[in-house]
1. Can you list the strands (runs of 3 or more DSSP E) lying wholly within the stretch B:142-252 that have 1 or more residues being at pLDDT 95 or above and of a type in the set (S, T, N, Q)?
2. Of everything in the stretch B:64-117, what is out of contact with any Asp or Glu (no Cβ under 8 Å at 6 or more places or on another chain), part of a helix (DSSP H, G or I) and among the small types (Gly, Ala, Ser)? Give them in sequence order.
3. What number of residues within the stretch B:108-118 are within 8 Å of another protein chain (Cβ to nearest Cβ) and either crowded, with 20+ Cβ neighbours inside 10 Å or aromatic (Phe, Trp, Tyr) (or both)?
4. Taking the residues in the stretch B:157-181 that are more than 14 Å from chain A (Cβ to nearest Cβ) and out of contact with any Asp or Glu (no Cβ under 8 Å at 6 or more places or on another chain) as candidates, determine which candidate is farthest from residue B:236 (Cα to Cα).
5. Being crowded, with 19+ Cβ neighbours inside 10 Å and more than 25 Å from residue B:213 (Cα to Cα) is true for just one of B:39, B:79, B:74, B:28. Which residue is that?
6. Tell me, please, whether a residue that is free of Cβ contacts under 8 Å to residues at least 60 places away in the same chain, within 14 Å of chain A (Cβ to nearest Cβ) and not hydroxyl-bearing (Ser, Thr, Tyr) can be found in the stretch B:192-209.
7. Here is a list of conditions, (1) within 28 Å of residue B:34 (Cα to Cα); (2) surrounded by fewer than 24 Cβ atoms within 10 Å (Cβ to Cβ); (3) facing chain A (nearest Cβ under 9 Å), and residue B:140 meets all of them except one; can you say which number that is?
8. Which members of the stretch B:123-136 meet the condition of being free of Cβ contacts under 8 Å to residues at least 40 places away in the same chain and more than 7 Å from chain A (Cβ to nearest Cβ)?
Amino acid sequence: MPTKSKFELKLGAATREAFGRAVVELGRVNPNVVVCDADLSKSTMTSYFAKEFPDRFFECGIAEANMTAIGAGLAMAGKLPFVSSFSCFAMNKGFEQLRTTVAYPGVNVKVVGTHSGISIGEDGPSQMSIEDIGLACSLPGLTVVSPADEVAMKAIIHLSAGHPHPMFIRAGRIKAPVIYTQDQKFEIGKAIEVVPGSDVTVIAHGLLVAEAIRAQEALDAEGISVRVIDMHTIKPLDEAAIERAARETGAIVVAEEHLTETGLGVRVAQAAAKSRPVPMEFAGIDNTYAESGTPDELLDKYGLRATNITAAIRRVLARK
Amino acid sequence: MQKTSNPAELRAIAKQIRRHIIEMTGAAKSGHPGGSLSAVEILVTLYWDVLRHDPANPKWPDRDRFILSKGHAAPVLYAVMAECGYTPADQLNTLRRLGSIYQGHPDIRFIPSLEASTGSLGQGLSLALGMGLAAKLDGRDSRTYVMLGDGEIQEGQIWEAAMFGAYHKVDNVVAIVDYNKIQLDGFVKDIMDLEPLDEKWRSFGWHTLVIDGHDLAAIKGAFTAAAATKGKPTVLIANTVKGKGVSFMENNPKYHGVAPTPDEVQVALKELL
């Protein structure tokens, strides 16, 4: 029985914008919150924090390796640092510091990578971050979160202050469709079943959650019941939600704006392999670097749309 | 521990630290004795005379902090911390063994009273500057000291941090370069020359002092001058001798990363009576 969608999916703020606003709110209630940025504050939106709390904002210049370890030093002396840059630079240029000064000693630094995925658009592949989830998840002790919309990002930033572990939080450049109402409850490490369903499950994070909902709506009209799960926390993974999805729907599609070979998909597959193996398909970036273009053109060309998810669903259902 | 400014007492402590370094690395059959021995007078001056610290209260918020950024010199730090009472001296010879708190490089998970886990070169200066900024934000007058290896400052991150420290006027941080002129593959001048080293630091905006890193009075004087310097961080370029105090190790690149044999341990300990 087709049901009417409860989602309008109107464009809201970009998740980087939501981060910039939320970290200011957090700074007002928590005097230990400090922010570091590497000459991108007008893009990462930490400029809001810099304006309101100039003494607690540290411009690091274009030196991400140093910035990450400065954040570690601040945290080791009692501060709650949010270290921000484009995801591409925070992760790739700060990776060794993230490993050795943050993850390995378990230092409570929050790294916020903005402009993730390929939807940064015209700037092209040197600025795109399609490896960040894989790199972040390779580090023991690091919590990895990819919020889907402004509501989720705001909630995650507020929750992060009480989460006593280092985190990588992934944000996007472009306006993101609003999925959640303000009263939605979030918990780090707990997936959200956005739409119930019984024939197949789509597990997504970030911008692709909205695309998964659109795919669900399209197939609902055909009588295919699609469960949509927002796996906002990619590490630690909500393995119970995956086991349940595998058991109850018997097929899984993972959709993400990331390389399919190292993203959420491989982690979901590993979890399902351990609990209840089922046919799986993957919608994401397939072992390639993208190019310049508008975000919409790139999401179309590189297969990150609802149509790509519905195609993956049909493939997986054929194998069920 | 009893703090002291008495040179004879500090020299006696330094000798005991050197004996520990020889015994530890000899027992471990691996490790880095040369760059541990070169740093002894500086660490002894810090821990017994300069640092505000309390081994009975290692997380005292107002303490001064020390980071051994050249983490491979862990034996000197372990010997000093054990002699201060932070860690058990009778376990020093478990260095590098499975289950030992004395890991190959300093690891805060095994010794919580350490200020940082180090070993991947180039990172300690950034950590120290972050700690210095936090102290300023909190209005604490605690100071952070960080020892860098000479080879270590070939890492680019050091110079990112050097720019940062001067720009943000982190004057409660003191960096010490243990300039023993030798790195793993040979003499620093033959691997990647650092000269003119003092001019490099001055041009990066640091209060730069060049001292004899084995002269207790010079070391103490430099730390006093650093504490009086406002508006910029201080770096001490400490000219030292790799392997200092053991004749066959002095200025010998072999002992950067090779432990003394049992026979060599006996010879070295006789020299350190």
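The values are calculated or read from the model by the stated rules, or taken from the named source; none is laboratory data. Model, not experiment: these values are computed from the prediction. Counting neighbours? That spans all protein chains shown, and the Cβs are built from the backbone with ideal geometry, glycine included.
1. Numbers: elements: B:144-149, B:173-179, B:207-212, B:234-239.
In the stretch B:142-252, the matching strands (runs of 3 or more DSSP E) lie at B:144-149, B:207-212, B:234-239.
2. Once the filter is applied, which keeps residues that are out of contact with any Asp or Glu (no Cβ under 8 Å at 6 or more places or on another chain), part of a helix (DSSP H, G or I) and among the small types (Gly, Ala, Ser), the stretch B:64-117 yields B:71, B:74, B:79, B:82.
3. So the answer is 3.
4. Going through the stretch B:157-181, the residues more than 14 Å from chain A (Cβ to nearest Cβ) turn out to be B:171, B:174, B:176-181.
From what's left, out of contact with any Asp or Glu (no Cβ under 8 Å at 6 or more places or on another chain): B:171, B:174, B:176.
Working: B:171: 13, B:174: 8, B:176: 5 Å.
Filtering first and then ranking leaves B:171.
5. Numbers: B:39 fails: more than 25 Å from residue B:213 (Cα to Cα); B:79 fails: more than 25 Å from residue B:213 (Cα to Cα); B:74 fails: more than 25 Å from residue B:213 (Cα to Cα).
Result: B:28 is the single residue among B:39, B:79, B:74, B:28 that is crowded, with 19+ Cβ neighbours inside 10 Å and more than 25 Å from residue B:213 (Cα to Cα).
6. Of the stretch B:192-209, the ones free of Cβ contacts under 8 Å to residues at least 60 places away in the same chain are B:192-209.
Applying the additional criterion that residues be within 14 Å of chain A (Cβ to nearest Cβ) yields B:204-205.
Okay, now just the ones that are also not hydroxyl-bearing (Ser, Thr, Tyr), so B:204-205.
The answer is yes; a qualifying residue exists.
7. For residue B:140, the failing item is (1).
8. Of everything in the stretch B:123-136, just one residue is free of Cβ contacts under 8 Å to residues at least 40 places away in the same chain and more than 7 Å from chain A (Cβ to nearest Cβ), namely B:136.
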